[in-house]
Each structure stands twice: as C-alpha cells, then as structure tokens.
Number of protein chains: 4
Amino acid sequence: MRSATVVDLNADLGESYGAWRLGDDEALLAIVTSANVACGFHAGDPLTLRRVCAGAVARGVVIGAQVSYRDLAGFGRREMTVPPAELEAEVLYQVAALDGIARAEGGWVGYVKPHGALYNRAARDPEQAAAIAAAVASYDAGLPVLTLPGSATAKAAQEAGLPVITEAFADRGYNDDGTLVPRDRPGAMLTEPDAVAARAAGIVTDGVVESVTGTRLSLRPRSICVHGDTPGAVGLARAVRAALERAGAKLAPFA
Amino acid sequence: MRSATVVDLNADLGESYGAWRLGDDEALLAIVTSANVACGFHAGDPLTLRRVCAGAVARGVVIGAQVSYRDLAGFGRREMTVPPAELEAEVLYQVAALDGIARAEGGWVGYVKPHGALYNRAARDPEQAAAIAAAVASYDAGLPVLTLPGSATAKAAQEAGLPVITEAFADRGYNDDGTLVPRDRPGAMLTEPDAVAARAAGIVTDGVVESVTGTRLSLRPRSICVHGDTPGAVGLARAVRAALERAGAKLAPFA
Amino acid sequence: MRSATVVDLNADLGESYGAWRLGDDEALLAIVTSANVACGFHAGDPLTLRRVCAGAVARGVVIGAQVSYRDLAGFGRREMTVPPAELEAEVLYQVAALDGIARAEGGWVGYVKPHGALYNRAARDPEQAAAIAAAVASYDAGLPVLTLPGSATAKAAQEAGLPVITEAFADRGYNDDGTLVPRDRPGAMLTEPDAVAARAAGIVTDGVVESVTGTRLSLRPRSICVHGDTPGAVGLARAVRAALERAGAKLAPFA
Amino acid sequence: MRSATVVDLNADLGESYGAWRLGDDEALLAIVTSANVACGFHAGDPLTLRRVCAGAVARGVVIGAQVSYRDLAGFGRREMTVPPAELEAEVLYQVAALDGIARAEGGWVGYVKPHGALYNRAARDPEQAAAIAAAVASYDAGLPVLTLPGSATAKAAQEAGLPVITEAFADRGYNDDGTLVPRDRPGAMLTEPDAVAARAAGIVTDGVVESVTGTRLSLRPRSICVHGDTPGAVGLARAVRAALERAGAKLAPFA
C-alpha cells in the first residue's frame, strides 16, 4: 500500500499595514499549515505581525518569514537592483525582527520565503539569491528556504547548506520552463476555485501541472502555495485544502 | 581602602542611513564601553547596523538597542502619541531586529535604551514607559533598561521585573528636578571638553552634578552618556574617558 | 421667503496606498461636493491621487488638500510634536504636490483641510495652527482652510488672511465645548444611518447638534463632513445627502 | 570673431534629510548656475528644499527638479522596475511639490533632471523615459528635461514636445558609446581637480571628451554637471568653473 503524500499548504499573511487591511488572516490561519508572514518591508506593521504570530501559534500553523525589498509603496512587487551586502543585511534584519515577535508569542520563524519581486528576481539572479541564502544562514544555519524547484534561490540555499523546500502554485500560471507567468501577463492568475482545486489535486496525485501552453510539467513539491491577497482568497484556499484531502494527501507543515 | 567606582561609558552609534553618514562609529567604539545602536526607526540601515555590531564585537563593546519612534525624517526627536500596543510591538520589532544582526556578528543585544523623543516622553509618561518595558520583557525577561534615575521608564522597567541601569549625562544640562534641559532651550548641550570632562569626573567622585540654576543634584549612575552626533563628539568622548580614568574610576560595561 | 441653506458635503478620499485599498472613492465622488484628498503623508500614493483627481474633475467635485503628519504607519492619527518650520514646509510640500496632480487632470486644489491628529492638534495648538496657515498662505494667499469653528486653526488662518470655512460632523460625537470626542472614547463615532442623517438635517435646518451629554450646541457650518473610511461609509454619505436635500438644503461646494 | 560658448554648470543640491547633512549647498550655490534640487524621494526633506530654493533665488541660480525613485534607504541609486503609470504619477508629484516650494520662495522649477538609477535606467529604457516625459509634459508642456545626449530620455522628451537640454559630466568616466561608467566600476569617478577642470575646458573649447579607453567622443553640451556629494565637491566645482571661464566660456543657465 502506497503511503499518503504529505503536503504543506502555505499562504501570505500579515500583509495589512496600519489602517490598511489586506487579506483575512484569521480565516486563512484555519486553512493553511504554514503562514508566510510579512516582515515590515513590503507590508506588515509590528502590531499586525504580532497578532498574526499569536494566531499562528494558537492554531499550530508554522510561521515563515516572508522577506522583501524595502518597498511599501510598491508592495514589494517592483524589482530592485540592491547591492548584495545591503540585501543580505536587509533580509537578516527582517528575519530577526519577525522571529523576535514570533518568540514573544510562543512561536518562532520556521522558514524563510522571499516575497514578490524578490522571489522572482532571486529565482533567476544568483547574486541576489546568494545574498538571501547568506542572510538566512547567518541567522540560523538550519533554517529552511521555501522556493521554486530549480531556481537560483534553491541552488544558493543548497550551497549555503540550508534545507531547501520546494513549492508549487495552485493559482498561478506556469511557463513551459517551470517559471511563473508574470502578474501583468494573461494567464498569470487562476481564480476559478474548481480549476485551482483540480490543479492542486493533480500536483499531489500525479506530480504534474499544466503550463499556459498546455505542456505537462513534472513536480513533486513539499508545499502548495495559495494566495491570500486576491478577492475570494479564502474560498480558494478552502477549495484547495478540501481537494488535497479528497486526493488522499496528508496536510502537514515541513518545519 | 575604598574600591574604585565602576562606571560604564555609553554613546549613540549606528546613526548613519544609506548614503548619509552621522557620527564616527569607528572612533567611538575605541572609547565607549557600551554602544546604543540605532535600530532602523530613527536611523540605522541594516548594513550600517551590521558593521557597527561587527566593530563592537571586535572591540568588546556591549551592544544596546536604541529603540525609537518610527520617524526617519525627524530623527526620532519629534514626540509622538503612539497607542501602547503599537509602541510595544514597534519596540519589540526593533530589539529583535538588532539582536539578530548582533548575533550574526557574534554578539548580542545586552540592554535597551530609548532614543530621543521616546526617551524623554517615556521618562514622564507611565503609559509609554510601560509599553517599552512590556516589549523588552516579552523579548527577554532579563534584559536591562538604561535610563534616567527616577524616571517613569525606570519605574515601569522595575515593575516589569527588568534590571534598571541608571545613567548621567556629561554633556547635557540638567533641570533642578533631575530631568534634562530640552534640546531647544539654552544650556541644553555642553560642548566645551574641559567642562564636560570635569562634570563627568564630579559625577563619579562626588556623585554630584550641577543643574542649570546651580543646584547640586546627587546621582550615582552606573553609566555616563556622551553624545556621538555633535561636532567634536569624538574629542568630547575621549576627554570624558580620560577624566574618568584620572578620577580613579574603572570603566566597564554593565551588561 | 427664506432662501435655502447652501451647504457643502465633504469626505476624505484618496486614502488608498499602493496595494492597499481604503474607502470607495468612485462611489463617494457621486455623493460629495468636496473631496479631501490625501497628499501622500498619511495615505495616497501619487497614482491614487491622480485617479481621484481625475474622477473629481469629471464629476465637478472640488478637490481639497488633506494635509497630514508624515506617518503612513499610523495613518496620520498619532499626534506629533513637529517644529513649526518643519511642519510649515511639510504642509507646503503636500499642498503643492496635490495641486500639481490636480492641475495635470484639469482641476486644482480649492482648499486645505488638516487630517487626523494634525486636525485635532492644530485645533487647540496655536503654534501648529500658525504653521499650517503660513504654509497655505505661502502657496496661495486666497486658499480657504476648512476646519472646526472656534478652533486655533480657524483663528490662525484668519490672522494669515485666509478664508476660513467651518464644518460640522454628521457622524462624530461632540463634547460640550464643541470639540470632537476622541476616536478611542465611547460616543466618538455615529454609525447608524438614520441617526447620522437626522443629525445632518438638524444642523442645516436648526443650526443645532447635540453633544454626548445631550447639550444643544449651536453651529452654522458651511460644510458637513462624513467619513469615507468606515464600514458603510458610502451608505452613510448617501443617507446624509438625501436628508440634507429633504431638509431643503442646496448642496454646493464652497470653493 | 567667434562668439563665446555659453555653458551652464549644474550640480545636485538639497540632498540632506532631517538630521543628516550631505553636500555644502550654500557653497555650491555660489558656483553653479543651475541646481538640481532633490524632491524628497531619494533625499531632501521639505525644510531643506525650502532653504535651498530660497538660497537659489537669492543668488539667481535656476532651480531644477531632481526626480527619483522612491528610495531613501538607497539614495535613489538602486534601479527599480516601476510600472509606467506609477512612475509618471511619482515624477509629477515630485515636480509639483518642489515647484510649489520654489514659488513660495519667489522662484520656480525651470527644468527636470532624473536622479541616480532613474537617470541611468531612463537613458536606456524607452518605457521609463516616456513615463518621465509624460509627467513633465502634464505639469508644464514647456519644461526642459536635462539629460545625456542620445539617451532614451532625450528621445522621449523630444517626442513629448519638451525642450531637451544635454549635459556632459566633468567628473564621471565615459564608455565608448557615450554612456557613463557605472559607479561601482573602475574609472567611474574623477576626483583630481586639475584633471576634472581640464576635461571641462576641453568639452567647451573642443567639444571633446575622452572615454575610459582613450577614445575621443564628440559632444556639445549646453550644461556641464559636477557632483555635489563627493568629498572635495566644492573644490572640484570651483576648479571647473574657473577652467570654464579661463577657456572663454560664458556661464549662464539655460532656463
């Protein structure tokens, strides 16, 4: 008898800022197994972070540091050419700040995941990827990095001796080379719950996802990412979780 | 035979930001025993903090977290009415961020000292003082708070079970009630090295400082503060250190 | 025959920031006659401002500059002690920035209204009020200031030779002295549409509003303010407008 | 008889921020004919801008808006991929803010020059160049843009119907294609006053500058740029001005 696939479900949380609310952190904490919590550079004021960490601890959700470029106005979605030493220090600062808040609430940062434009840039830029890996390793040599399989981020993390956890996206379009379709292109975001759920199920049962051109891509991710900041995000996440459970997968964090 | 007075010498460091340089961190690290390092809210980009922490570790200088209001444009010198829960989370975020950077460089945050307007407000505002103390205690229940004797900050820290370390200012004017003369008033800053040095010596030998009206105030501080951001700051700090040593004091950090 | 009361209806708009949405600018532009548009210091990225200005011009809504403390994290709701020359320059900067954007869209800034904590502080602090008035006068000596009757803001604007326009709040609680109940106190916000609408009608027909203690306060405001950032804000604004029209008032901007 | 070459001398000013000082604005105002004044996005708090504008007006120096990416931490030197509509609105905001401050001091913004990474990116990126040009044209259809000859910035400004003013750099290294050597490469900055002065003289007398490989590049710039933020900047600027005058050039602003 084949054992059940174990899979993590991650989403971005803690992305409110001061008077501005974004996403439904409470609802998502009841669905995901890992929370990529903003660290204040693209979103996430300290009080928001503290509340999300408290909620994550209460529900047994693992807290990840969602590190970003320093870009509140652009929500970390504008690519920046940051010198490596600066980027490394900025990532270290963010991981440490969130970990301190998590610890004050009885939790800890269990992994690091770059956000937005930094995620995409580091996936193909060995220099920025190395800066992120160096920052994480300088904070905790055993802290996993969550990223795309085959990315420069994964390679740099591996070279730095860090555990690498790969993820797939249930609600993002894939190019034929396994990279994500940029947000400003057609097919970037899937929003129809049934389609997203079916895709998530296909990933865990068959290890396959279809690209925007219809090519079948093989992947065996340890985590599935759903987005928390889109309209209907909570419904999508619920649909994905239900589909994963129906497909026989066991949902569990990796950290 | 009377044992020598042991006294700490602290100054503000890490107050550059990006392209802007402020103070001579390297020179001050050779003089002080404790460095109040900015945490990014009033000054101190992460790379600057990292360099200062590395320098402090190399020289055996104790690192303190100089927490501030979020106010780069005002350098943390503009008083703000921040709701306590927000302030507490902001202080926690800053302490954790700096501690993580310090640890990556082989050091750690050994104490917390509020900066600028937060220092002055908390000294008389029990609510903000309690928020600071709660933040520090939530991060590390044994982390000392460095502040004015008799201040609301000292009282709140004590009530939170935190070690309280008191300081005196060699280069600031005192009011008769032991509070500092605000920076925009006459007599706020002493800049003549001999006068500042004599004052420092008087504090450790006689436990006395003269107020702006000539009243003799009694104090037995464990630390003496000199400023790092004034013109001639390094010369002043050197003069103070030399005077303390001539007066027979033993310079040593408290943390 | 008594002529109809002419009254303006103003609300805060343009308070989104980057990825964060706040309020329904489009819906409010169809209801109000004057839009207090954020200027980037407490909210309002430049692209948001541009869109709001374009919408206001398209609908004939007058654009006002809603100037604030520099405090994105606190949404301008945290009182700050800003030195007058700094505050004056910051207000001038904001008014000019918004006016340039408005002009690029075929409109202009027709008045200035301080936001949040600056509104409240200036209402009782002659120094900050004078800084605001000086900034407005230095930009345009004929630019009206919209504020509470009897406030320090009104007095300073008058002394600076600026037109003063007074407003009343349909959805805020009043103290007996005509000041607003602070947001963190009971009775600060009225949220029941019928009550708010009745209050607005009472103001224009009888020139009376009831304080939280039940005292009748006399006022003859040229403008009525409704809030745009509360849940149900659009419904409230519509109810107020309808009530004003039913009461025979003619809605028209003052600038 | 050949008439004297008329040339403008421009430098970056207003790049202090709050407590941080950068450059000697007063000294430079006595040397240059045009001041590229920061607009608050990479440097330049409103009070600093006001003081620089007042100084420029007093000395008859033309004020230019030195628009930048929103990046205080990186001083606008980190390239950013900003969507065009956002960039356009951000540039418009900056130009308008500075113009308002300049007008309050009796001056006005006479031209626009992108700063740092935006200058370099726009010089080769038609999309960002077009966004800048659109912003300038939407503010004032006759406002000149100061940039490198042959750049995408120049082309976009021309297509938008804006006057284009070209500049050469007395203290920056040139590549063979007329672009500037990036700041992190050898030969990027010239710091020896005699060499910089000789180069400036060669530009106005012979219309020639030598690239880093020794190639002679032809250029006939209407303006010469010297930097204000390097050590010895004032001395360099003085040397350049003296050399230009010795070479028979007449120094005069273009706007």
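The values are calculated or read from the model by the stated rules, or taken from the named source; none is laboratory data. The structure presented is a predicted model; accordingly, all values stated were derived computationally and were not measured. Neighbour counts run over all protein chains shown; Cβ positions are idealised from the backbone, glycine included. With ligands, DNA and RNA removed, areas are computed over all heavy atoms of the protein, side chains included. Shrake-Rupley method; radii C 1.70, N 1.55, O 1.52, S 1.80 Å.
Within the range D:214-233, the set of residues being open to solvent by 20 Å² or more (accessible area, probe 1.4 Å), closer than 25 Å to D:GLU26 by Cα and at pLDDT below 95 comprises D:ASP229, D:THR230, D:PRO231, D:GLY232. When you look at C:GLY161, is it more than 27 Å from C:ALA85 (Cα to Cα), without any contact (Cβ under 8 Å) to a residue 40 or more places away in the chain and surrounded by fewer than 19 Cβ atoms within 10 Å (Cβ to Cβ), yes or no? The answer is no for C:GLY161.
Taking the range B:194-213 as the range and being open to solvent by 30 Å² or more (accessible area, probe 1.4 Å) and out of contact with any Gly (no Cβ under 6 Å at 6 or more places or on another chain) as the test, the residues that pass are B:ASP194, B:ALA195, B:ALA198, B:ARG199, B:THR205, B:ASP206, B:GLU210, B:THR213. Scanning the range A:211-228 for residues that are in a loop (DSSP other than H, G, I, E, B) and under 13 Å from A:ASN10 (Cα atoms) gives A:PRO221, A:ARG222, A:VAL226, A:HIS227, A:GLY228. Within the range C:108-120, the residues that satisfy the criterion of being more than 14 Å from chain D (Cβ to nearest Cβ) and in contact with a strand residue (DSSP E or B) (Cβ under 8 Å, 6 or more places away or on another chain) are C:GLY110, C:TYR111, C:LYS113, C:PRO114, C:HIS115, C:ALA117, C:LEU118, C:TYR119, C:ASN120. For the range B:1-59, give me each residue that is touching a helix residue (DSSP H, G or I) at 6+ places or on another chain (Cβ under 7 Å) and of a type in the set (Lys, Arg). Within the range B:1-59, B:ARG50, B:ARG59 qualify. Contact annotation: residue pairs with Cβ atoms under 7 Å, 6 or more positions apart or on different chains, pairing a residue in the range D:230-255 that is of a type in the set (Phe, Trp, Tyr) with a partner that is part of a loop (DSSP other than H, G, I, E, B), are D:PHE254/D:PRO144; D:PHE254/D:ARG222.
Suppose we filter the range D:44-68 for residues that are free of Cβ contacts under 8 Å to residues at least 40 places away in the same chain, within 14 Å of chain C (Cβ to nearest Cβ) and of a type in the set (A, V, I, L, M); how many remain? Qualifying residue count for the region: 2. Here B:ARG238 clears all of (1) open to solvent by 50 Å² or more (accessible area, probe 1.4 Å); (2) more than 18 Å from the chain's Cα centre (by Cα) except the condition numbered (2).
Of the residues that sit in the range A:43-90 and are closer than 29 Å to C:LEU49 by Cα and small (Gly, Ala, Ser), which one is nearest to the chain's Cα centre (by Cα)? Applying the filter and picking the extreme gives A:SER68. Checking the conditions here, which among A:THR166, A:THR191, A:THR205 is among the hydroxyl-bearing types (Ser, Thr, Tyr), touching a Leu at 6+ places or on another chain (Cβ under 8 Å) and over 25 Å from A:ASP125 (Cα atoms)? Step by step, each of A:THR166, A:THR191, A:THR205 is checked, and only A:THR191 is among the hydroxyl-bearing types (Ser, Thr, Tyr), touching a Leu at 6+ places or on another chain (Cβ under 8 Å) and over 25 Å from A:ASP125 (Cα atoms). In the range B:133-157, the residues that are within 14 Å of chain A (Cβ to nearest Cβ) and crowded, with 24+ Cβ neighbours inside 10 Å reach residues that are among the hydrophobic types (A, V, I, L, M, F, W, C) and assigned to a loop (DSSP other than H, G, I, E, B) with C-beta atoms within less than 7 angstrom, at least six apart or across chains, in these pairs: B:ALA133/B:ALA160; B:ALA133/B:LEU162; B:VAL136/B:LEU143; B:VAL136/B:LEU162. Selection within the range A:45-68: residues that are among the small types (Gly, Ala, Ser) and assigned to a strand (DSSP E or B). The member of this set that is surrounded by the fewest Cβ atoms within 10 Å (Cβ to Cβ) is A:ALA65.
Just one of (1) crowded, with 22+ Cβ neighbours inside 10 Å; (2) within 13 Å of chain D (Cβ to nearest Cβ) fails for C:ASP171. It is (2). Residue count for the range C:118-132 under the criterion of being among the hydrophobic types (A, V, I, L, M, F, W, C) and either touching a His at 6+ places or on another chain (Cβ under 9 Å) or open to solvent by 10 Å² or more (accessible area, probe 1.4 Å) (or both): the result is 3. Filter the range A:69-107 for residues that are assigned to a loop (DSSP other than H, G, I, E, B), in contact with a strand residue (DSSP E or B) (Cβ under 7 Å, 6 or more places away or on another chain) and within 21 Å of B:ASP99 (Cα to Cα); which is nearest to the other protein chains (Cβ to nearest Cβ)? Filtering first and then ranking leaves A:TYR69. Within the range A:69-88, the set of residues being surrounded by 23 or more Cβ atoms within 10 Å (Cβ to Cβ) and farther than 20 Å from D:GLU86 by Cβ comprises A:LEU87, A:GLU88.
Taken residue by residue, the range D:21-44 has no member that is hydroxyl-bearing (Ser, Thr, Tyr), closer than 23 Å to C:GLN94 by Cβ and open to solvent by less than 10 Å² (accessible area, probe 1.4 Å). With the condition kept exactly as written, say whether any residue in the range D:91-98 is touching a residue at least 12 places away in the same chain (Cβ under 8 Å) and open to solvent by 30 Å² or more (accessible area, probe 1.4 Å). No, that holds for no residue.
Across the range D:241-254, which residue is nearest to D:SER151 (Cα to Cα) among those that are of a type outside the set (A, V, I, L, M, F, W, C) and surrounded by fewer than 18 Cβ atoms within 10 Å (Cβ to Cβ)? Out of the qualifying residues, it is D:LYS250.
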